[in-house]
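Novice: Input: one structure, supplied below.
The values are calculated or read from the model by the stated rules, or taken from the named source; none is laboratory data. Keep in mind that this is a model prediction, so the values were computed, not measured. Glycine also receives a Cβ, built like all others from the backbone with ideal geometry; neighbour counts cover every protein chain displayed.
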Amino acid sequence: MKSIIRKLTLTAAALTTFAAVGMAPATAAEKVVLGVAIPAATHGFTGGIVFWANQAKKDLEKANPDLKVIVKTAANAAEQANQLQDLMAVSKINALVVFPFESAALTKPVAEVHNKGVYVTVVDRGLTDTSAQDAYVSGDNTAFGKIPAEYLAKAMGGKGNLVALRGIATTLDNERWEAFTGVMKNHPDIKILDAKYANWNRDDAFKVMQDYLTRFKQIDAVWAADDDMAVGVLKAIDQSKRTDIKIVFGGAGAKGMIKTLMDGKDPRIVANVSYSPKFMYDSIKLTAEARLKGEKLPATYIIPSELITRENASKFYFPDSPF
Amino acid sequence: MPPVPTDATTSTLANSPAASLATSQGSRLAQRLQDLGPLLGLILLCIAGWVLNPDFATAANVLNVLTRTAFIGIIAVGMTFVIIAGGIDLSVGSMAALIAGAMILLMNAIGTAIESAYLVVTLGIVFALLLGALFGLAHGLLITKGRIEPFIVTLGTLGIFRAYLTYFANGGAITLDNAVSDVYSPVYYGSLLGLPIPIWVFLLTALIGGLVLNRTRYGRYVQAIGSNEQVARYAAVEVDRIKMLTYVVLGICVGIATVLYVPRLGSASPTTGLLWELEAIASVIVGGTALKGGEGRISGTVIGAILLSVISNILNLTSIISVYLNAAVQGIVIIIVAFLQRSRR
């Protein structure tokens, strides 16, 4: 399954930036050793990150004989810091793509690598000191909160009762939540009944939703804020046999949910918002190709989060990815 | 089988300070009160929950809470045996996750070959229980024959089990095929005489656990080993075999919990069963079992497990406390209840 090498569909913006470079003949024949430091697969999303990183290694090493990609996964921030040292000392990398486990804790270790002349691309979780990075590639967390809010406000006709689930208390979750509530401020007739943490976990989401159902007699929509959590939410609603909930909005575009959306299997799943771990693939590819040509990346590159509906869902469906 | 034991025979065999103290009349009453500590805590908590939100006391909510307690509760019953015998098992959450994953993979694989979905589910359940027993046996062998500390053995398998699940799932989720899932889902969502199936299984497991612990020779040996392993050995108790069996009992309990867990979401992922080990151990200890082993009660464990899920249920049913502080509230309640039932040391 992993052996199937898929045709890469780069986002349009990336294409315009790099297509010309990619076609130019290789001049700098210097070997690029690219280290990739990412979190271990402990959640559907990080599972996707690991999958796409390995996919990028496979595709890029095949296409570029001058490139070596080393992928390291870490279970916590300290392990990741150690891996960065190992990548420097043992593997002698000259480019690094890092998905920091934690922003603050990894800033110093990444800066150390950067100071030794390694080209550093930081992915998703920004460092607290941005001078330690050459490029920053990230998903769009603001849009991740804003798009569902706008969609739900419209679908609910500007009024009704809504409950929300939150992930794990992090800056990333806060950004999404602030963007969501920011939009909802313009819709005073939509009442956000409560928002509890369910840790991006199916089981916790099941419990939280069960308790929401006990507590609130009329719920029109749920912002589950993650496709794993949406799974638990849907099961809890099914069990209660309640029919007042019209929409469950997940997020991130997990393949199971995209499939449900495409097939129209569940009337409560009408839209999603993309936050695909595939940006890991894009980041590695962009960095590797730029370094092979001796080019630089734009300092900041935000991969847009898009509204996924039934019409465009097939564009976001990757059946081979674990996420 | 010898007659029902009295405290006197137990204490002669165990010869522990705790056991002999318990026989003295003065501390008997105090002991009774301490036994009621967790129950008292639970009752107070329920009153608080009812005051904060009257929906707390609805039948639907009570059944929800008891049903979701079933997984941890069943594991905690097995854990009570292990802890009373002086052991510990940190791997149960990971073990449940791996059993869930392996069971789903098996059912998906044989689902295409076998016509009857009922047979597929039955085979899956048998497989889950066997796998649990097998994992437990492996723990038991490593701990008794291998002479490795249970903390280390199960810390090791905690990592091993979860890593293999993650490997099988490719970092994503393992999902049960729909046809099988439809047949299987009543095991979690179905009811018998108005009570959901998981609650029945939980009660039954606790009942059998309590009988085995208090009314059989095996149960007395478990307590004796936990009180004083050397003395038990001199009394010709087959310490290794008894200890090994406690891990097998726990493994089977994890298997039972997994059998109930899988039909709920029909999937297993790397987050399945995360921190269940701590919840199960906390249920046992909050319920009045000594972490150093030797004494404990299944009834206390059951109350402890219910208490833990009631806390988070109440927090979900109210918004008086910032969501950032939920874990703090849980911690405070656990410490208060532990204080209520603190044992004489």
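Novice: Yes or no: residue A:305 within 19 Å of the chain's Cα centre (by Cα) and either within 14 Å of chain B (Cβ to nearest Cβ) or part of a helix (DSSP H, G or I) (or both)? So that I can check it myself, show each step before the final result.
Specialist: On the way: within 19 Å of the chain's Cα centre (by Cα): yes; either within 14 Å of chain B (Cβ to nearest Cβ) or part of a helix (DSSP H, G or I) (or both): no.
Answer is no for this residue.
Novice: Which condition from (1) assigned to a helix (DSSP H, G or I); (2) within 11 Å of chain A (Cβ to nearest Cβ) is the one that residue B:307 breaks?
Specialist: (2)
Novice: Got a number for residues in segment A:129-166 being in contact (Cβ under 8 Å) with a residue 40 or more places away in the chain and on the phi > 0 side of the Ramachandran plot?
Specialist: Looking only at that region, the number is 1.
Novice: Being within 14 Å of chain A (Cβ to nearest Cβ) and touching a strand residue (DSSP E or B) at 6+ places or on another chain (Cβ under 6 Å) is the requirement here; does residue B:329 meet it? Give the steps one after another, and end with the answer.
Specialist: On the way: within 14 Å of chain A (Cβ to nearest Cβ): yes; touching a strand residue (DSSP E or B) at 6+ places or on another chain (Cβ under 6 Å): no.
Answer is no for this residue.
Novice: A further question follows. Take residue A:225 and tell me if it is under 24 Å from residue A:51 (Cα atoms), in contact (Cβ under 8 Å) with a residue 40 or more places away in the chain, in a loop (DSSP other than H, G, I, E, B) and not charged (D, E, K, R).
Specialist: Yes, satisfied.
Novice: I'd like the full set of residues that are within 13 Å of chain A (Cβ to nearest Cβ) and either within 26 Å of residue B:314 (Cα to Cα) or surrounded by fewer than 24 Cβ atoms within 10 Å (Cβ to Cβ) (or both), limited to segment B:72-95. Even if it seems obvious, please write down each step before you answer.
Specialist: Of all residues in segment B:72-95, those within 13 Å of chain A (Cβ to nearest Cβ) come to B:72, B:93-94.
Passing the criteria: B:72, B:93.
Novice: Next up: Pick from segment A:179-198 the residues that are under 16 Å from residue B:327 (Cβ atoms) and crowded, with 21+ Cβ neighbours inside 10 Å: which of them is nearest to the other protein chains (Cβ to nearest Cβ)? Even if it seems obvious, please write down each step before you answer.
Specialist: Residues of segment A:179-198 that are under 16 Å from residue B:327 (Cβ atoms), as a first pass: A:196-198.
Filter once more, keeping what is crowded, with 21+ Cβ neighbours inside 10 Å: A:196, A:198.
Numbers: A:196: 6, A:198: 10 Å.
Taking the candidates together, the pick is A:196.
Novice: Another one. Determine which single condition residue A:53 fails, assuming it passes every other condition in (1) crowded, with 19+ Cβ neighbours inside 10 Å; (2) facing another protein chain (nearest Cβ under 10 Å).
Specialist: Against the list (1) crowded, with 19+ Cβ neighbours inside 10 Å; (2) facing another protein chain (nearest Cβ under 10 Å), residue A:53 comes up short only on (2).
Novice: Exactly one condition in (1) without any contact (Cβ under 8 Å) to a residue 24 or more places away in the chain; (2) part of a helix (DSSP H, G or I) is false for residue A:183; which is it?
Specialist: The number of the failed condition is (1).
Novice: Condition check: under 17 Å from residue B:205 (Cβ atoms) and crowded, with 22+ Cβ neighbours inside 10 Å. Does residue B:302 satisfy that?
Specialist: yes
Novice: Could you list, in sequence order, the residues of segment A:115-149 that are surrounded by fewer than 17 Cβ atoms within 10 Å (Cβ to Cβ), assigned to a loop (DSSP other than H, G, I, E, B) and over 20 Å from the mean Cα position of the chain (by Cα)?
Specialist: Result: A:116, A:117, A:129.
Novice: Mind checking which residues of segment A:51-96 are part of a loop (DSSP other than H, G, I, E, B), of a type in the set (A, V, I, L, M) and under 16 Å from residue A:38 (Cβ atoms)?
Specialist: A:75, A:93
Novice: Taking the condition of being within 14 Å of residue B:333 (Cα to Cα) and within 25 Å of the chain's Cα centre (by Cα), how many residues in segment B:46-60 meet it?
Specialist: Residues that pass the stated criteria total 2.
Quick grid of which residues meet (1) outside any helix (DSSP H, G or I); (2) modelled with pLDDT of 90 or more:
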position: B:10; (1), (2): no, no
position: B:42; (1), (2): no, yes
position: B:74; (1), (2): no, yes
position: B:83; (1), (2): no, yes
position: B:87; (1), (2): yes, yes
position: B:97; (1), (2): no, yes
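Novice: Scan segment A:56-78 for residues that are surrounded by 16 or more Cβ atoms within 10 Å (Cβ to Cβ), within 14 Å of chain B (Cβ to nearest Cβ) and not hydrophobic (A, V, I, L, M, F, W, C) and jot them down.
Specialist: Selection gives A:73 alone.
Novice: Let me ask something else about it. Return the total of residues in segment A:232-256 being on the phi > 0 side of the Ramachandran plot and within 27 Å of the chain's Cα centre (by Cα). Step through it out loud before you land on a result.
Specialist: Filtering segment A:232-256 for residues on the phi > 0 side of the Ramachandran plot gives A:241, A:251-253.
Next, from what is left, pick out any that are within 27 Å of the chain's Cα centre (by Cα): A:251-253.
Total satisfying the criteria: 3.
Novice: For segment A:147-204, give me each residue that is touching a strand residue (DSSP E or B) at 6+ places or on another chain (Cβ under 8 Å) and small (Gly, Ala, Ser).
Specialist: A:149, A:153, A:155, A:158, A:160, A:164, A:167, A:169, A:195, A:198, listed by residue number.
Novice: Let me ask something else about it. Does segment B:182-193 hold any residues that are buried (at least 16 other Cβ atoms within 10 Å of the Cβ), more than 11 Å from chain A (Cβ to nearest Cβ) and closer than 25 Å to residue A:319 by Cβ, and which are they?
Specialist: B:184
Novice: For segment B:121-177, give me each residue that is surrounded by fewer than 15 Cβ atoms within 10 Å (Cβ to Cβ), under 14 Å from residue B:91 (Cβ atoms) and among the charged types (D, E, K, R).
Specialist: B:149
Novice: Of all residues being in contact with a Leu (Cβ under 7 Å, 6 or more places away or on another chain) and closer than 26 Å to residue B:99 by Cβ in segment B:53-71, which is nearest to the other protein chains (Cβ to nearest Cβ)? Just the residue, please.
Specialist: Ranking the qualifying residues of segment B:53-71, first place goes to B:71.
Novice: When the residues of segment B:163-179 are narrowed to those that are at pLDDT below 85 and within 13 Å of residue A:256 (Cβ to Cβ), which ends up nearest to the other protein chains (Cβ to nearest Cβ)?
Specialist: B:172
Novice: Suppose we filter segment B:92-147 for residues that are among the aromatic types (Phe, Trp, Tyr) and over 18 Å from the mean Cα position of the chain (by Cα); how many remain?
Specialist: As a first pass, look at segment B:92-147 and keep what is among the aromatic types (Phe, Trp, Tyr): B:118, B:127, B:135.
With the extra rule that they be over 18 Å from the mean Cα position of the chain (by Cα), the set shrinks to B:118, B:127.
Qualifying residue count, segment B:92-147: 2.
Novice: Farther than 22 Å from residue B:189 by Cα and either touching a residue at least 12 places away in the same chain (Cβ under 8 Å) or basic (Lys, Arg) (or both): does that describe residue A:218?
Specialist: Spelling it out, residue A:218 is indeed farther than 22 Å from residue B:189 by Cα and either touching a residue at least 12 places away in the same chain (Cβ under 8 Å) or basic (Lys, Arg) (or both).
Novice: Out of the residues in segment A:155-180 meeting the condition of being assigned to a loop (DSSP other than H, G, I, E, B) and in contact with a Phe, Trp or Tyr (Cβ under 9 Å, 6 or more places away or on another chain), tell me which one is nearest to residue A:304 (Cα to Cα).
Specialist: Within segment A:155-180, the subset assigned to a loop (DSSP other than H, G, I, E, B) is A:156-159, A:167-170.
Subsequent filtering for residues that are in contact with a Phe, Trp or Tyr (Cβ under 9 Å, 6 or more places away or on another chain) retains A:167-169.
Working: A:167: 20, A:168: 22, A:169: 23 Å.
Across segment A:155-180, the extreme among qualifying residues is A:167.
Novice: Return only the number of the condition from (1) touching a strand residue (DSSP E or B) at 6+ places or on another chain (Cβ under 9 Å); (2) under 30 Å from residue B:66 (Cα atoms); (3) surrounded by fewer than 23 Cβ atoms within 10 Å (Cβ to Cβ) that residue A:306 does not satisfy.
Specialist: Every listed condition holds for residue A:306 apart from (2).
Novice: Name every residue in segment B:106-131 that is part of a helix (DSSP H, G or I) and either touching a Ser or Thr at 6+ places or on another chain (Cβ under 7 Å) or of a type in the set (Asp, Glu) (or both), in order of residue number. Spell out how you get there, then give the answer.
Specialist: Just the residues of segment B:106-131 that are part of a helix (DSSP H, G or I), to begin with: B:106-111, B:117-131.
Across segment B:106-131, the qualifying residue is only B:128.
Novice: I need a count of the residues in segment B:211-266 that are touching a Gly at 6+ places or on another chain (Cβ under 6 Å) and either within 30 Å of residue B:183 (Cα to Cα) or among the hydrophobic types (A, V, I, L, M, F, W, C) (or both).
Specialist: Summing the residues that are touching a Gly at 6+ places or on another chain (Cβ under 6 Å) and either within 30 Å of residue B:183 (Cα to Cα) or among the hydrophobic types (A, V, I, L, M, F, W, C) (or both) in segment B:211-266 gives 11.
Residue-by-condition table, conditions (1) within 19 Å of residue B:173 (Cβ to Cβ); (2) in contact with a strand residue (DSSP E or B) (Cβ under 7 Å, 6 or more places away or on another chain); (3) in the same structural domain as residue A:125 (by TED's automatic domain parsing):
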residue: A:237; (1), (2), (3): no, no, no
residue: A:243; (1), (2), (3): no, no, no
residue: A:257; (1), (2), (3): yes, yes, no
residue: A:263; (1), (2), (3): yes, no, no
residue: A:266; (1), (2), (3): yes, no, no
residue: A:280; (1), (2), (3): yes, yes, yes
